[in-house]
Amino acid sequence: MSTEPCGVCGDPVPFASAVHVVVHTRTEDGVVDHYLCRGCYERDVEPLFA
């Protein structure tokens, strides 16, 4: 099973259950593209859009 490191905690996350987060920063950094584990997403990212 393929894994990706979580962009927050660094733990390996099975690709099939990872949350894909893409943010266009509108800066020279361009697009920030990370995979997150469900726990980090729910704790750190989801509340930003609630």
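Values in this text are rule-based calculations from the coordinates and carry no lab data. In this text the structure is predicted, and so the values were computed from the model without any measurement. Every residue, glycine as well, gets a Cβ built from its backbone with ideal geometry; the counts of neighbours run over all protein chains shown.
Here are some notes:
- Among Glu28, Glu42, sorting on how many other beta-carbon atoms sit within 10 Å of each Cβ, with the fewest leading, yields Glu28, Glu42.
- Under-5 Å amide H pairs with Gly7, H placed in peptide plane, nonlocal only: Tyr35, Leu36, Cys37
- A simple count of charges around Arg38, restricted to other residues whose Cβ falls under 13 Å of its Cβ and scoring Lys, Arg +1 and Asp, Glu -1, yields -4.
- The charge dipole of the chain, taken about its Cα centre with unit charges on the Cβ of Lys, Arg, Asp and Glu (plus for the first two, minus for the last two), comes to roughly 120 debye.
- Taking only the C-alpha atoms of the chain, the Rg (one decimal) and the largest Cα-Cα distance, Dmax (whole number), read 11.5, 35 Å.
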